[in-house]
Amino acid sequence: MPGLPRYEQVKRELLALIARGGHAPDRPFITQREVCERYGVSTTTAIRALNDLVADGVLTRHQGRGTFVADQTPPSVERRAVALVIHGQGPVKEGVIAGVESRCAELGLDLLLYDSKGSLELQERALMRAVSSEVAGIALYPVEGASAVLRGLTTPVVLIDRYQPDFPTDSVVADQFAVGYELTSYLIGLGHERMATLWGEVDCTSVRDRLSGHLQALRAHGLPSRPDLTVLSTHQFLAPEARRARLSALLSHPEPPTVLLCSDGFIVTTAARELADLGFEVPGDVELAGMDDAGPASILPLTVAAASLPVHELGRQAVELLTTPASAPRNLTLPITLQTRPAAHLRVVTR
């Protein structure tokens, strides 16, 4: 094994020794001194190799008794499961679930699925139910807001598509900064210089990273950002009258936006319907773009461009992180793709 540090070579030799069945969990493992003598290494090297195997869960130490091989008995059927706590509708949710299911099937894991329905309270209950089911790990697509239950968990957790900056844990996310940056840059290339952002959820890292990417793209192209166009407030969760009033005010401005940058497909379809109700035409008066393609149906016929997230791979990689524990939190960022096509033309028809 040339090129490997000596302690790493010793670790591999010890792993091979354990794999051959030379040491049962109820028998003391070879001592530090025996490692030095058997492999001709220093005390420092022997200690490093043994400590690493303890940290990896291969060996375990019992005070006053010595070091033993950890019990590698496969977990019970009940513990051969992971939980997925998720919310939302449409292709994003379906893709994440499909990715988690496919990787679980390959690894022989059962899947417990909980729908938090966008509620922090329901999410907290689902997390507690998952823990009480003694799952091996939890994949969480978190709702808005801080979770008190999450901070107290000892069960391994991987966050999907969102992370908590003040609470380190494993996470797998799409490149949300690239969503805002690449989509904005593409629209600028089409000649758009004034863009209004329409949001659904706002208290989550995916939204804030998208906004950061959008603002950075404006700066990179020498364009100003207008606070009334980039305000981080919900549009989707306003009352219908308030949504229509906001759209009317935006498009009645002396310098109105030429494109509405919608945070997902649900807002795209809502905005398209409300623009038609107000008598505006798409793309005659304004165009639509989507920061992701989540929605009740394909949004590409309604948008000049839409970002597509690697939702299936997000689910698969979440399970991968759950089943390969590490000593420090990991953040895996997956690339996004940009889909473009000529926008459809909506017109109000009066009868």
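Bear in mind these aren't lab numbers, they're just calculated from the coordinates by the rules spelled out. In this text the structure is predicted, and so the values were computed from the model without any measurement. Because the Cβ atoms are built from the backbone with ideal geometry, glycine has one as well, and the counts that use them run over all protein chains shown.
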With the 8 Å Cα cutoff and a minimum separation of six or more residues, the chain has a relative contact order in percent of 17
In the chain, with Lys and Arg counted as +1 and Asp and Glu as -1 at Cβ, which of these residues, LEU321, TYR114, GLY284, has the Cα nearest the positive end of the dipole, that is, farthest along it?
LEU321
Residues meeting the amide H criterion for GLY88 (H placed from the backbone, H to H distance under 5 Å, 5 or more places apart or on another chain) are LYS117, GLY118
Please compute one quarter of the surface area of the Cα convex hull for the chain and express it in square nanometres.
23.4
Sorted by average packing, counted as other Cβ atoms within 10 angstrom per residue and highest first, what order do 302-311, 245-254, 199-208 take?
302-311, 199-208, 245-254
Could you tell me whether segment 176-310 comes out rounded, prolate or oblate from its Cα gyration tensor? Rule is a ≥ b ≥ c as square roots of the eigenvalues, rounded for a/c under 1.5, then prolate if a/b exceeds b/c, otherwise oblate.
rounded
For the chain, calculated [θ]222 nm from helices alone, where every DSSP H run of n ≥ 4 adds -39500 (n - 2.57)
-12500 deg cm²/dmol
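Kindly rank 114-127, 264-277 from highest to lowest mean number of other beta carbons found within 10 Å of each residue.
The most tightly packed comes first, giving 264-277, 114-127.
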Defining a contact as two alpha carbons under 8 Å apart and six or more residues distant in sequence, what relative contact order in percent does segment 139-254 show?
24
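Sorting check: for 184-196, 134-146, which peptide has the highest mean count of neighbouring beta carbons within 10 Å, and how do the rest follow?
On the way: 184-196: 17.7, 134-146: 20.9.
Descending packing order for the listed peptides: 134-146, 184-196.
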